[in-house]
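Written below as structure tokens is the structure these notes are about.
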Amino acid sequence: MTTAVANLVMILLGGAMLLTAFRLFRGPTFMDRVVALDLLGTIVAGFIAVYAIATNQPVFIRDAIVLAVVSFLGTVAFSYYAEKGGKP
Amino acid sequence: MGELITCGLLLFGALFVVTAAVGMARFPDLFTRMHAASKSGTLGVISLAAALGIHFGSADIAIQALLISLFLLLTAPIGSHIAARAAYLSGIRPWEGSVIDALGCRLDGRNGHAPAPDQETAAESAEQEPET
């Protein structure tokens with residue numbers, strides 16, 4: 001039962017990733033893309049957690065931790081350069 | 001029993017993450033989109049991590065799931081604060097339907113920041129730049 005629910009949740013998260021990627025490609029300004037990339041990193045961290053449940057394989061959980069941290073660092077760096085100047 | 005809790009947390013988290021993604025695709029404005037992403041997405045992924053910790057049931061993996069939740073709780077408010085401030089200072093203004101613009105009231109005419117540029121004045125300054 002848990003495996004079936006985890007597979008369904010992985011499909012739902014895939015749909016959420018598609019919606020976020022739509023905003024990532026479409027976003028009218030640079031900061032829209034930055035925020036969409038941040039949400040995409042967060043969703044992928046959750047996807048890794050659900051994948052670990054679906055396959056009973058707890059190896060990939062550290063990837064989720066690293067991805068959460070690196071996604072935050074990317075947001076901070078992009079925001080720093082967007083605030084310093086250049087075209088938004 | 002643990003299986004039921006795991007399934008419930010998985011579905012709860014998926015509901016919140018999908019809500020965040022729909023808000024990201026549908027909302028009219030950068031700041032409202034950021035509102036959807038930072039709150040709803042974080043709660044959804046924390047719920048998924050809790051399901052992970054309950055499913056495996058060992059302290060090792062539970063601590064790692066707790067670390068995921070801790071990093072998300074630490075970084076989501078800071079990241080969205082920095083992104084919203086950078087967006088506002090780089091010239092993005094809230095949607096016309098917004099009720100209040102608190103940062104604009106604080107920044108206008110202070111700290112060397114210019115007031116919110118109108119479309120016309122921005123166009124004029126763009127025209128004047130090549131002459132000077």
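Restricted to segment B:24-45, and to residues that are more than 9 Å from chain A (Cβ to nearest Cβ) and either more than 12 Å from B:Ser98 (Cβ to Cβ) or β-branched (Val, Ile, Thr) (or both), which residue is most open to solvent (accessible area, probe 1.4 Å)? My answer is B:Lys39. Taken over segment B:1-23, the residue count meeting the criterion of being facing chain A (nearest Cβ under 7 Å) and open to solvent by less than 60 Å² (accessible area, probe 1.4 Å) is 9.
Consider A:Ala21 carefully, then state whether it is aliphatic (A, V, I, L, M), more than 9 Å from chain B (Cβ to nearest Cβ) and exposed (fewer than 13 other Cβ atoms within 10 Å of the Cβ).
Numbers: aliphatic (A, V, I, L, M): yes; more than 9 Å from chain B (Cβ to nearest Cβ): yes; exposed (fewer than 13 other Cβ atoms within 10 Å of the Cβ): no.
Spelling it out, it is not the case that A:Ala21 is aliphatic (A, V, I, L, M), more than 9 Å from chain B (Cβ to nearest Cβ) and exposed (fewer than 13 other Cβ atoms within 10 Å of the Cβ).
Taken together, the residues in segment A:37-88 that are at the interface with chain B (Cβ under 7 Å from one of its Cβ atoms) and either touching an Asp or Glu at 6+ places or on another chain (Cβ under 7 Å) or at positive phi (or both) amount to 1.
Among the residues of segment B:75-91, just one is touching a Phe, Trp or Tyr at 6+ places or on another chain (Cβ under 9 Å) and outside any helix (DSSP H, G or I), namely B:Ser90. Looking only at residues in segment B:74-99 that are in contact (Cβ under 8 Å) with a residue 24 or more places away in the chain and more than 10 Å from chain A (Cβ to nearest Cβ), the one that is most open to solvent (accessible area, probe 1.4 Å) is B:Trp95. Scanning segment A:24-34 for residues that are of a type in the set (A, V, I, L, M, F, W, C) and surrounded by fewer than 17 Cβ atoms within 10 Å (Cβ to Cβ) yields a total of 1. Taking the numbered list (1) open to solvent by 40 Å² or more (accessible area, probe 1.4 Å); (2) facing chain B (nearest Cβ under 9 Å); (3) of a type outside the set (A, V, I, L, M) in turn, A:Asn7 passes all entries but (2).
Test A:Ala77 against the criterion of being aliphatic (A, V, I, L, M) and either surrounded by fewer than 14 Cβ atoms within 10 Å (Cβ to Cβ) or over 17 Å from the mean Cα position of the chain (by Cα) (or both), and give yes or no. Walk me through how you get there before you give the answer.
Values: aliphatic (A, V, I, L, M): yes; either surrounded by fewer than 14 Cβ atoms within 10 Å (Cβ to Cβ) or over 17 Å from the mean Cα position of the chain (by Cα) (or both): yes.
Yes: the conditions hold for A:Ala77.
Which numbered condition in (1) open to solvent by 10 Å² or more (accessible area, probe 1.4 Å); (2) more than 30 Å from B:Leu89 (Cα to Cα); (3) over 10 Å from the mean Cα position of the chain (by Cα) is the only one that A:Val50 fails? Result: A:Val50 passes all but (1).
Restricted to helices (runs of 4 or more DSSP H) entirely inside segment B:1-71, those with at least 2 residues that are over 17 Å from A:Ala49 (Cβ atoms) are B:2-26, B:30-35.
Residues of segment A:3-47 being within 9 Å of the chain's Cα centre (by Cα) and of a type in the set (D, E, K, R), which ones?
Step one: list which residues in segment A:3-47 are within 9 Å of the chain's Cα centre (by Cα), which gives A:17, A:20, A:36-47.
The answer is A:Asp38, and nothing else.
The values are calculated or read from the model by the stated rules, or taken from the named source; none is laboratory data. If you're wondering where the values come from, they're calculated on a predicted model, not measured in any experiment. Because the Cβ atoms are built from the backbone with ideal geometry, glycine has one as well, and the counts that use them run over all protein chains shown. Ligands, DNA and RNA are stripped out before the accessible areas are found, and what is left, the full protein with its side chains, is counted by its heavy atoms. Shrake-Rupley method; radii C 1.70, N 1.55, O 1.52, S 1.80 Å.
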